[in-house]
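Colleague: My questions all concern the structure below.
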Amino acid sequence: MRGELAVYLNEFEFRFGYPPDLNSVETGSGCDEAVRYEASAVSAVSAVSGDLALLDRHISRLSLPDVGVGLFVHSVRQTADGLRGDLPTRVVGEVEDSVVVFGSDGGGALFALSRTDGATVYRFPPARVDGSVYRCAEGIEVVALGLRGFLVHVESELRRS
């Protein structure tokens, strides 16, 4: 992914006429940082999804404001804070599921992993949130099956932008 990002950023100013913002892929330090600052964050995320904790070991944070409308993978601390009520943990409407939000885009959409099957990755368009419940009548997308599939989705967004 870093290679794809380097190529994209190298061509960015030529293609768009202005320099790119700060785009970064932080790897390998997320769990260590979370353990240092808040050990319970890793425990909370691991309890929900071992895949999310594993993802954090490889991509601790992703910030791509210049890819499409923007694409972000939250730190393990942000994800854990979401589980504690900062972000929706249930979706009702077009889809009904228990979820953990782990990312977002620059247009207000959220990326969430199904807690029911542990594999479905949703993209929720901006919609009403009541407490921890995300309410949406339409527009929910399944962007991948599994977090590995989500990373393939990110790479395809890099190539498409």
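The values are calculated or read from the model by the stated rules, or taken from the named source; none is laboratory data. Note that the structure is predicted; figures quoted are calculated from it, not measured. Cβ: placed from backbone, ideal geometry, glycine included. Neighbour counts: every protein chain shown.
Colleague: Write out, first by first residue and then by second, each pair whose Cβ atoms fall under 7 Å of each other, whose residues are 6+ apart or on separate chains, and whose first residue, in region 130-153, is more than 16 Å from residue 110 (Cβ to Cβ) while the second is among the hydroxyl-bearing types (Ser, Thr, Tyr).
Modeller: Short answer, once both residue conditions are applied: 145/120.
Colleague: Would you confirm whether any residue within region 85-96 is free of Cβ contacts under 8 Å to residues at least 40 places away in the same chain, outside any loop (DSSP other than H, G, I, E, B), touching a strand residue (DSSP E or B) at 6+ places or on another chain (Cβ under 8 Å) and crowded, with 20+ Cβ neighbours inside 10 Å?
Modeller: No; the residues of region 85-96 include none that is free of Cβ contacts under 8 Å to residues at least 40 places away in the same chain, outside any loop (DSSP other than H, G, I, E, B), touching a strand residue (DSSP E or B) at 6+ places or on another chain (Cβ under 8 Å) and crowded, with 20+ Cβ neighbours inside 10 Å.
Colleague: Here is a follow-up. Conditions first: (1) touching a strand residue (DSSP E or B) at 6+ places or on another chain (Cβ under 6 Å); (2) modelled with pLDDT of 90 or more; (3) among the charged types (D, E, K, R). Residue 61 passes all but one, so which condition is the exception?
Modeller: Answer for residue 61: the failing condition is (2).
Colleague: Only one residue in 63, 132, 156, 114 is of a type outside the set (Asp, Glu) and in contact with a Gly (Cβ under 7 Å, 6 or more places away or on another chain). Which one?
Modeller: Just one listed residue meets the conditions, 132.
Colleague: Take the residues in region 105-144 that are over 15 Å from the mean Cα position of the chain (by Cα), of a type in the set (D, E, K, R) and assigned to a strand (DSSP E or B), then tell me which one is surrounded by the most Cβ atoms within 10 Å (Cβ to Cβ).
Modeller: Per the stated criteria, the residue is 135.
Residue-by-condition table, conditions (1) assigned to a strand (DSSP E or B); (2) touching a Gly at 6+ places or on another chain (Cβ under 8 Å); (3) modelled with pLDDT of 75 or more:
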position: 14; (1), (2), (3): no, no, yes
position: 32; (1), (2), (3): no, no, no
position: 42; (1), (2), (3): no, no, no
position: 69; (1), (2), (3): no, yes, yes
